[in-house]
Amino acid sequence: MKVFVAYLALLGALTFSACAVSLPWQAPAVTARPQIVHFVATPSKIENGQSVLLTWEVEDAEKVSIDHGIGEVPLTGSKEVKPDALIAYNLTATNAGGVAGSAVIVNVVHVTHTDSPASPPEIVPGITPTSTEPATPYVILNGAILVGADGHYVALRNNPAARNPTWAQLKAFLQQDDTDKKIYDSKSFTCGDFAEMLHNNAEAAGIRAALVGLLLRPASLQGEGVKHSLNCFETTDSGTVYIDATSSSQGIYADKIVDVTIGKDYIPVAIFPQAGYSQTWSNMGKIEAIEIIKW
């Protein structure tokens, strides 16, 4: 009995001793992502030939860079640029904790100064002006030619006689244009094809148009995000408007206007609501970057 009691006492001592030397659990240290204090373009709207000053301040970053050939930059600085078309500058900051990004959009208004300016030609939706460029420039994205769903090179046919429309003129063109009535098909006709067709149809009708490429981040998606294409127009009375003509597999009337702002959700709104359909389309994700604007 004495031996058994001694054994229990020893066991209790060992158990207590093992608990006494255990250490509290500590969560591993986590490095916070860089903080972008500000990234600004001044001014944000210029005439062709004028300059813009980009200024930025970033904290806790190991590397900071700006696209469109600017490259790696210090954490705080400024850079004078002279864009020749509507453009988005994307700033990217990285460290061991991750990546932070910000973007600014510079709107370039093309103005021709003459002693006696002529009136621009009237925009008549559906009427093809006689003067159109024979060349069909390809769209370059990340060093590669943008292709449609079937593998063809996306080519933009520009019209030298095209002019910026009023919002009313743009809506009149969209209402009679058939791009949004095409059927979406993942193998033959997707967003890039819709954007290519709407651009070329608008230019043929005398309306100056651009193709835009975005990077979107759906809430449920992990990875590098989703690429999406749409169009933009510089209206004379309502500024820059972004139009998404991508339809659905039913081929419904799908002309939509979208607020394209970095950090906002991509939520298209129907310009011409149809009976039986919601005016607000589904949220496609947060806008992370404007990757290309090609006039």
Task: Answer residue from the stretch 209-227, given it is in a loop (DSSP other than H, G, I, E, B) and among the small types (Gly, Ala, Ser) and is modelled with the lowest pLDDT among those - done: Gly223
Open item on the list: Kindly evaluate Ala155 against the criterion of being crowded, with 23+ Cβ neighbours inside 10 Å and not acidic (Asp, Glu).
Closed with: no
Task: Members of the stretch 270-279 found to be more than 11 Å from Asp255 (Cα to Cα) and either surrounded by fewer than 12 Cβ atoms within 10 Å (Cβ to Cβ) or not assigned by TED's automatic domain parsing to the domain that holds Lys181 (or both), listed by number - done: Ala275, Gly276, Ser278
Task: Yes/no for Gly263 being in a loop (DSSP other than H, G, I, E, B), among the small types (Gly, Ala, Ser) and out of contact with any helix residue (DSSP H, G or I) (no Cβ under 7 Å at 6 or more places or on another chain) - done: yes
Task: Candidates Gly77, Gly97, Gly101 - the one that is surrounded by 12 or more Cβ atoms within 10 Å (Cβ to Cβ) and at pLDDT 90 or above - done: Gly77
TODO: Kindly provide the set of residues from the stretch 243-252 that are surrounded by 18 or more Cβ atoms within 10 Å (Cβ to Cβ) and either without any contact (Cβ under 8 Å) to a residue 12 or more places away in the chain or assigned to a loop (DSSP other than H, G, I, E, B) (or both), ordered by number.
DONE: Ala245, Thr246, Ser247
TODO: Report yes if Lys294 is at pLDDT 90 or above and among the charged types (D, E, K, R), otherwise no.
DONE: no
Open item on the list: Any residue that is over 23 Å from the mean Cα position of the chain (by Cα), assigned by TED's automatic domain parsing to the domain that holds Phe272 and modelled with pLDDT of 90 or more - is there at least one of those in the stretch 149-159?
Closed with: yes
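The values are calculated or read from the model by the stated rules, or taken from the named source; none is laboratory data. It should be emphasised that the depicted structure is a prediction, and the values quoted were computed from it without experimental measurement. FYI the Cβ positions are ideal-geometry reconstructions off the backbone, even for glycines, and counts take in every protein chain you see.
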